[in-house]
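Asker: My questions all concern the structure below.
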Amino acid sequence: MISLYKTDNGIISELENYEADIWIKMTSPSNEEASFISQRYGIDLDHIKAALDNDESARIEIEDDYTLILVDIPVTERRGEYNEYTTIPLGIILCEDAIITICGRDTPILKAFVQKRIKEFSTKKRMRFLYQILYRNAVEYQVDLRKIDKKRTQIESHISEIEEDTELIELHELESNLVYFATSLRSNGLILERLTRYSRIKQYPEDKELLEDVIIENKQAIEMTQIYRDIINGTRELLSTVINNRLNNVMKFLASITIVMAIPTIISGLYGMNVNAEGMPLSGSPWGFAIICGATLLICITALLILKKRKML
């Protein structure tokens, strides 16, 4: 799908025809739409399709008539019962009289511009528009990182009640998501460093200040990612320790029960042997059975008290 937008006196409006200084928003475009934009603006078709390939890495391609900037943006996917976080490419092409964005999804990063939630936004100031997109991208990373940490906090708050290993698996998934984020943020950081040396289009002082803000926000997102990875790793180790301790406690309890139950088994086994009854204590007494059972019970109770004192029960 292709949508055309243009700002006039700070007000964005959607167009039906192509004009100068417009924003061409391509969301999961078809082959025909990609070919049309490629021919109209003299863009290599592979550069347009690169933004639709999830395996493409962040980079800058400088051509004679345009510049392609590929960055990774965060997205949320529904997998089973959980929301998983990953990254996909966002392509930004700077032409002489237009700025083109290509993405496989309708990302909230670009929705913010369409919904008029960005101040001082103009399609005519292409470099500032580019930096505003990158700034929104860094902020979106931080929003998703806080959501990941919130999920980690929820798991940690009831860690003593966890009976199965589903939360352990979920923590592993969260840690994997942070690995994707860390890789993408580092790649975006390299793009930002190169943009500081970008001189194809004139940059105003306020644009350079905005780029510095973007670099700061991106570095902050990288630091948040590393901190949350360390915390999640610690939480995962704590959960593993709790599960192992529970298993050890169960094994101790079963071992103690086995010891106690072995006492009457041994005594009854001795009295059930095929030997001369005269050699067995209390064999001739009418109260022998009751006395032996009472003595066995007393020994079992004594064993239980000893095991409990040693915290094996």
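Asker: Please work out if ILE215 is in contact (Cβ under 8 Å) with a residue 40 or more places away in the chain, assigned by TED's automatic domain parsing to the domain that holds GLN142, closer than 30 Å to VAL179 by Cα and in a helix (DSSP H, G or I).
Answerer: In short, no.
Residue-wise test of (1) among the basic types (Lys, Arg); (2) surrounded by 13 or more Cβ atoms within 10 Å (Cβ to Cβ); (3) in a strand (DSSP E or B).
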site: SER13; (1), (2), (3): no, no, yes
site: ALA20; (1), (2), (3): no, no, no
site: ILE48; (1), (2), (3): no, yes, no
site: ILE60; (1), (2), (3): no, yes, yes
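Asker: While we're on this one: I want to confirm something. Restricting to the stretch 207-234 and keeping residues that are in contact with a helix residue (DSSP H, G or I) (Cβ under 6 Å, 6 or more places away or on another chain) and among the hydrophobic types (A, V, I, L, M, F, W, C), which single residue is modelled with the lowest pLDDT?
Answerer: ILE232
Asker: If you scan the stretch 92-106, which residues turn out to be within 23 Å of the chain's Cα centre (by Cα) and surrounded by 20 or more Cβ atoms within 10 Å (Cβ to Cβ)?
Answerer: CYS103
Asker: Mind listing whichever residues of the stretch 62-90 are under 17 Å from ARG126 (Cβ atoms) and in a strand (DSSP E or B)?
Answerer: Residues satisfying the conditions are ILE62, THR67, LEU68, ILE69, LEU70, VAL71, LEU90.
Asker: For the stretch 91-116, give me each residue that is within 27 Å of ILE62 (Cβ to Cβ) and assigned to a helix (DSSP H, G or I).
Answerer: Answer for the stretch 91-116, where residues must be within 27 Å of ILE62 (Cβ to Cβ) and assigned to a helix (DSSP H, G or I): ILE109, LEU110, PHE113.
Residue-by-condition table, conditions (1) at pLDDT below 85; (2) among the polar types (S, T, N, Q):
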residue	(1), (2)
THR27	no, yes
GLN39	no, yes
HIS47	no, no
LEU70	no, no
PRO74	no, no
ARG78	yes, no
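Asker: Taking the stated definitions as given, is GLU237 surrounded by 11 or more Cβ atoms within 10 Å (Cβ to Cβ), of a type in the set (Asp, Glu) and at pLDDT 85 or above?
Answerer: Considered against the rule, which asks whether it is surrounded by 11 or more Cβ atoms within 10 Å (Cβ to Cβ), of a type in the set (Asp, Glu) and at pLDDT 85 or above, GLU237 comes out as no.
Asker: How many residues, within the stretch 181-240, are among the small types (Gly, Ala, Ser) and closer than 17 Å to LYS147 by Cα?
Answerer: Selection size over the stretch 181-240: 2.
The values are calculated or read from the model by the stated rules, or taken from the named source; none is laboratory data. Since this is a predicted model, take the numbers as computed values, not measurements. A quick note on method: Cβ atoms are made from the backbone with ideal geometry, for glycine too, and the neighbour counts reach across all protein chains shown.
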